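The values are calculated or read from the model by the stated rules, or taken from the named source; none is laboratory data. The model shown is predicted, which means the values in this text are computed figures rather than measured ones. Quick reminder, even Gly has a Cβ in these numbers, built from the backbone with ideal geometry, and neighbours come from all protein chains shown. All accessible areas refer to the heavy atoms of the entire protein, side chains included, with ligands and DNA or RNA removed. Shrake-Rupley method; radii C 1.70, N 1.55, O 1.52, S 1.80 Å.
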Amino acid sequence: MSCLHRRPKRTKSEEQAFQEHMRQVALENGKRLGLEGDPDLQFLLAGVTLVKIRSHSWKKNRFFKLQEDCKTFWHETQKPFRRNKTFTIDDIDAVRKGRQSEGLNKHTDPSVEDQCFAIIFKGRKRNLDLMAANEAEARQWVDGVEKIINNMRNLSHQQKSEHWIINCMRKADKNDDNKMTLKELKHFLRHINVEVDDTYAEEIFKKCDTSNSGSLEGDEIRHFYDLLTQREEVDVIYGNCAKTEGQMSARDVLGFLLNEQRQQASMEDALRLIEKYEVDETAKQQNRMTKDGFMMYLQHEDGSILNPAHKEVYQDMSQPLNNYYISSSHNTYLMEDQLKGPSSTEAYIKALMKSCRCVELDCWDGANGEPVIYHGYTLTSKVLFRDVIKAIKDYAFKTSEYPVILSLENHCTVEQQKLMAHYLISILGDALVTKPLGDTMPSNFPSPEELKGKFLIKGKRLNKLDAAFNNNSTIEEDTVSEEDEAADSENGQKAKPKKSKIKLATVLSDIVIYCKSVHFHGFEHAKENQDFYEMSSFKESKAFNLADTSGTAYIHHNMDKLSRIYPAGSRTDSSNYNPVPMWNVGCQIVALNFQTPSKEMHINQGRFLPNGFCGYILKPEFQRSLSSQFNPNTLTKGPWLQRKTFHIMVISAQQLPKLNKDKQKSIVDPLVRIEIFGVPADNARFNPMWNEKFEFDIHVPELAMVRFLVEDYDSTSQNDLIGQYCLPLTSVQNGYRHVPLLTKRGDVICSAGLFVHLMVIDAE
């Protein structure tokens, strides 16, 4: 029979000493976050009782407290034999003040609006809906958590690394005595994925235990930390460049930028980096960079693989809307699969906060005369159309100010369509485009710049757009064919009419301005008969076939019209298709299932990472010029053919997390893959060895995407994904660079990354 081993109960003096020690730990961590003495942080550390809300009847008091690491929240549970729960700052996607979640909106009264707040978690973890005793406590909770999140995000890579390692040390300190025994040292090394034999562990321990006390404390732990975080590869690079009394002068820094980083740089640029990153004031006054300053430079945005100039909106945003790739979601309302999963306003919020600029609304008649959104003919749950429009209004422009397209799949009766139009007009207000911009009938699209903060409706329209200028708004309701996607019978779902017609309300028809849905009857027919604002939707099989057989024609079609691509109905698991071939032929609205973490979504996130992550990317010139004969499948000579050679060497990895909790005693064995996605001739994949140089030939760099994938290799089972990162080749910086890593769901893994050397140069 086994027994539980509990920590011996502390004496009163030991408990007082322990509490003082933990108070110092909290102060130290608060200082590291730049929140020393902050009243909101102190409020969280003290803890408070909150009401946890699950339903009208399920409302329980729970004590919540921020732990001394200033990163982990603890809260009690009243279930027998269940441990109290914890979650960390890294788990939180957002904190919303007020009744801004479905649960709070449904299960609380408007009178307690100011007392409510919701913690929204990353991934599919259920929201935490909470109510404080009063408005002041709710505000302190929200303000405190947001301060920690923002300050954590603003830490440098080096500060995040230090924070992570120190917290790992705390966890290894099993008896909380602020000392580290040899046993605890071994546990700590295993926790941070450092594999050493017992002899070497003892050697490090003895080297640091200068007091011969049998444990490390104070400066001894600091010495151990310095030994652990020493980056030999950076030492070598710095040693080769530091030619001025063991340090880098401004001229040395300039030489490094020109020769190693292959940047166009001046002496002013070198001095700017010294001023920005050097931590030693004496060296800074002498216009020199120490090794610590050099490390700071490498680990900040100037040393990142992503060109820092591309983190802001840098492209021309004044071109017609059809000249851009537009970040787009399919069946946006779904949180999970396409057959029985939940529909939620939360799914719209998550997509919009990822800068999605085209969302889909499948509209059906609901009870009590209220239109609802759900996946028709399935068991997916329903959400009110009105609630979705309110959520879209509230969150559409939080991360991007550029226009949002609402793609309507309309299956409602005329009466409920009229209510849909009422909600769109009354809730969205002046932000809804209800007539063409300007005083004359347009001949092409307005630009994203002209449409800032605006909503466009995509759907069926009863008449031509010029009717808006002829005061011809008295047209009667009439029947129109069902939306293309709804009529798609190749779906693996319940049987439904292959094609059907619905009666369309005039008031809903009239607010469809720049995105009128029409059936596609061929490129020649579209050229002769379709106006610029008339667009077609293509299921993936048809779109891929057209891209393969009529690539140039497809590109020309997309030079003055919009195309929307959507996943096959057979993807009932909400899987995704590869968006790259669709971008290769200039399709703008390439709709994916945003709720599904996958390689395809990683590529999509990478495509829209530059240009300020605004959801719009300007297409290459050869996809916009009518004289272009570009075809991604044949690659005839033209301005698109700009052959480059992409040289890369993976040097090291830092702070890779162990994600598989079933392998506690194992060490992460990182396997790195590098993939290129672009035109067929450029697609490639490579598994490099550490410090091995290799190269890719790239024919059309403006369409090429680079993806880094890091897995925990296992010879006996499937590899575990550790992290990934994807970006356009045109946004890659040359030289020695750090590559951040993201989770499968696209969230940043604090402190983890790769260190690489790469070069994109003209091919010989």
**Item:** Net lengthening on full extension, K183/T479 (0.36 nm per residue, minus Cα-Cα)
**Value:** 98.9 nm
**Message:** For M441, what accessible surface area do you get with a 1.4 Å probe? Give it in Å², rounded to 10.
**Reply:** 80
**Ordering of 570-577, 672-679 by packing [mean C-beta count within 10 Å, highest first]** = 672-679, 570-577
**Request:** Could you tell me the accessible area of D69 in Å² (1.4 Å probe, neighbours in place), rounded to the nearest ten?
**Result:** 30
**Asked** To the nearest 0.05, what FRET efficiency results for L258 and H647 with a Förster distance of 25 Å applied to their C-beta separation?
**Response** 0.90
**Message:** Within the chain, what whole-number % of the accessible surface is contributed by carbon and sulfur, with the 1.4 Å probe and all protein chains included in the calculation?
**Reply:** 48
**Item:** L659 versus R153: modelled label distance in nm, points set 7 Å from Cα along the beta carbon direction
**Value:** 2.2
**Complete:** So, relative contact order of the chain in percent, Cα under 8 Å, 6 or more apart, is 10
**Item:** Contact order normalised by residue count of the range 386-468, Cα under 8 Å, 6+ apart, percent
**Value:** 47
**Prompt:** Label E76 and F121 with points 7 Å out from Cα along Cα→Cβ: what is the distance between them in nm?
**Reply:** 2.1
**Asked** Given the Cα-Cα distance of M559 and T730 and 0.36 nm per residue of separation, how much length would full extension add, in nm?
**Response** 59.4 nm
**Request:** Show R745, R153 ordered by accessible area, largest first, where the area counts protein heavy atoms only and the probe is 1.4 Å.
**Result:** R153, R745
**Calculated FRET efficiency for the pair N212/T634, C-beta based, R₀ 56 Å, to 0.05** = 0.15
**Item:** Selected from I427, Q299, L451, residue furthest toward positive end of dipole (the chain; charges at beta carbon)
**Value:** I427
**Message:** List the GluC sites (Glu not before Pro) within the range 284-375 that DSSP assigns to loop and that have no more than 14 neighbouring Cβ atoms inside 10 Å.
**Reply:** E312
**Scaled radius of gyration (Cα, divided by 2.2 N^0.38 Å) that the range 556-698 gives** = 1.29
**Request:** Round to the nearest 0.05 the FRET efficiency obtained for R139 and R745 when R0 = 22 Å and r is the Cβ-Cβ distance.
**Result:** 0.15
**Request:** Only residues of the range 635-650 count here: report those whose backbone N is under 17 Å from the spot 7 Å along Cα→Cβ of N240, or say none.
**Result:** 647-650
**Complete:** Sorting K398, K65 on solvent-accessible surface, 1.4 Å probe, most exposed first, gives K398, K65
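Placing unit charges on C-beta atoms (Lys and Arg positive, Asp and Glu negative, everything else neutral), compute the dipole magnitude of the chain about its Cα centre in debye, rounded to 20. Mind showing how you got there, number by number?
Details: 99 positive and 106 negative charges, 435 e Å.
The calculated dipole for the chain is roughly 2100 debye.
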**Prompt:** Taking every DSSP beta bridge that has both residues in the chain, what percent is antiparallel when rounded to the nearest 5?
**Reply:** 75
**Message:** Run the simple label-point estimate for H223 and H56 please: 7 Å along Cα→C-beta, distance reported in nm.
**Reply:** 6.8
**Message:** Tell me the net charge near I651. Cut-off is 14 Å between Cβ atoms, I651 excluded, with +1 for each Lys or Arg and -1 for each Asp or Glu.
**Reply:** -2
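In terms of the ratio Rg/(2.2 N^0.38 Å) built on C-alpha atoms, what value belongs to the chain?
Working: Rg = 28.9 Å, N = 764, 2.2 N^0.38 = 27.4 Å.
Ratio of Rg to 2.2 N^0.38 Å for the chain: 1.05.
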**Prompt:** So what does Y423 come to for accessible area, using a 1.4 Å probe and Å² rounded to 10?
**Reply:** 20
**Prompt:** Tell me, what is a quarter of the convex hull surface for the C-alpha atoms of the range 366-437, in nm² with one decimal?
**Reply:** 5.9
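What accessible area per residue comes out for the chain, rounded to a whole number of Å², with a 1.4 Å probe?
Value for the chain: 45 Å² per residue.
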**Prompt:** Taking the alpha-carbon set of the range 624-764, what are its Rg and Dmax in Å?
**Reply:** 17.2, 62
